[in-house]
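> Below you'll find the structure I mean.
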Amino acid sequence: MLCSYPSVSDITLILQAVERGERKASEELLLAVYEELRRLAAVRLAQEASGQTLQPTALVHEAWLQLVGAGERSWENRGHFFGAAADAMRRILIDKARRKSRLKHGGGQSRLNIDELELSETTPDDNILLINEALERLEKEDPEQARVVVLKFFGGLTNREVAENLGIAERTVDRQWACAKARLFRWIRS
C-alpha cells in the first residue's frame with residue numbers, strides 16, 4: 001500500500017484555515033502531518049541512548065500539544081510549521097534531559113559549564129544539555145546556522161528537507177551544517 005503525503009500547498013491551505021480559526025482545521029492538520037512528524041521523531045529518538053523510554057508517538061503528541069494546545073498559532077507555510085515542530089521536540093528532549101539530570105544528581109545540580117566537562121564522561125542526557133547550551137550560544141552568534149542545526153539534529157530532517165523548509169540551496173545547508181558542527185564541537189570540547 002502506497003502512502004501519499006499531502007502536498008505542500010495542501011498543508012499551507014490547512015495552516016491558513018487553522019489561522020482563521022476554522023472548525024476542525026487543527027484535526028485536519030494533524031491528519032495531514034502526523035506520519036511525517038512521527039517519522040521525524042523516530043529518526044531523532046533513534047539517536048538517543050538505548051533504554052530510551054520516550055517513544056516517537058509520545059514525542060509527537062507532546063510536540064503537538066505545544067504547537068496547538070497553547071492557544072492561537074499561525075504558521076506561514078509547511079516549512080515554518082515543521083520548524084516549529086522541530087523546536088517543540090527540542091524543548092521536550094531538553095526538558096526531559098534536565099529532569100533526569102536533576103533527579104540523578106539529587107536535584108541540587110548547578111548549571112553545566114561546558115568548558116569544564118569532558119564529553120566522554122557525560123551521559124546521553126548530559127550530552128543533550130551540552131549540545132543545547134552550545135546551540136544557545138550559536139543562536140546568538142549565527143541564528144541561520146542554529147536553525148539548520150535544530151532542523152537536522154532535533155527535527156531529524158535531511159539536508160534536502162532543511163533546504164526546502166528554509167527556502168535556501170542545499171549547498172548552503174551543507175556549508176552551514178559543516179560550519180555549525182565544527183563550532184559546536186569546538187565549544188563543547190574546549
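The values are calculated or read from the model by the stated rules, or taken from the named source; none is laboratory data. This structure is a prediction, so every number in the text was calculated from the model and none was measured. Neighbour counts are summed over all protein chains in view; Cβ atoms, including those assigned to glycine, are modelled from backbone coordinates with ideal geometry.
To keep it simple, each residue is scored yes or no on (1) touching a residue at least 24 places away in the same chain (Cβ under 8 Å); (2) surrounded by fewer than 20 Cβ atoms within 10 Å (Cβ to Cβ); (3) among the aliphatic types (A, V, I, L, M).
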position: N159; (1), (2), (3): no, yes, no
position: W177; (1), (2), (3): yes, yes, no
position: A180; (1), (2), (3): yes, no, yes
position: R186; (1), (2), (3): no, yes, no
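> So the check is Cβ under 7 Å with 6+ separation or different chains; which pairs have a first residue in segment 129-146 that's more than 15 Å from A178 (Cα to Cα) and a second one that's loosely packed, with under 15 Cβ neighbours inside 10 Å?
L130/L119
> Same structure, new question: Could you list, in sequence order, all residues of segment 23-41 that are aliphatic (A, V, I, L, M), free of Cβ contacts under 8 Å to residues at least 60 places away in the same chain and surrounded by 15 or more Cβ atoms within 10 Å (Cβ to Cβ)? Write out each step before concluding.
Taking segment 23-41 as the starting set, the residues that turn out to be aliphatic (A, V, I, L, M) are 25, 29-33, 37, 40-41.
Okay, now just the ones that are also free of Cβ contacts under 8 Å to residues at least 60 places away in the same chain, so 25, 29-33, 37.
Of everything in segment 23-41, those that are aliphatic (A, V, I, L, M), free of Cβ contacts under 8 Å to residues at least 60 places away in the same chain and surrounded by 15 or more Cβ atoms within 10 Å (Cβ to Cβ) turn out to be A25, L29, L30, A32, V33, L37.
> So which of A63, A86, A97 ends up being small (G, A, S) and modelled with pLDDT under 85?
A97
> Step by step: first the residues of segment 17-48, then only those that are among the small types (G, A, S) and under 20 Å from the mean Cα position of the chain (by Cα), then the one that is modelled with the highest pLDDT. Which residue is that?
Result: A32.
> Tell me, which residue of segment 161-175 that is at pLDDT 90 or above and among the charged types (D, E, K, R) is surrounded by the fewest Cβ atoms within 10 Å (Cβ to Cβ)?
Filtering segment 161-175 for residues that are at pLDDT 90 or above and among the charged types (D, E, K, R), the one surrounded by the fewest Cβ atoms within 10 Å (Cβ to Cβ) comes out as R171.
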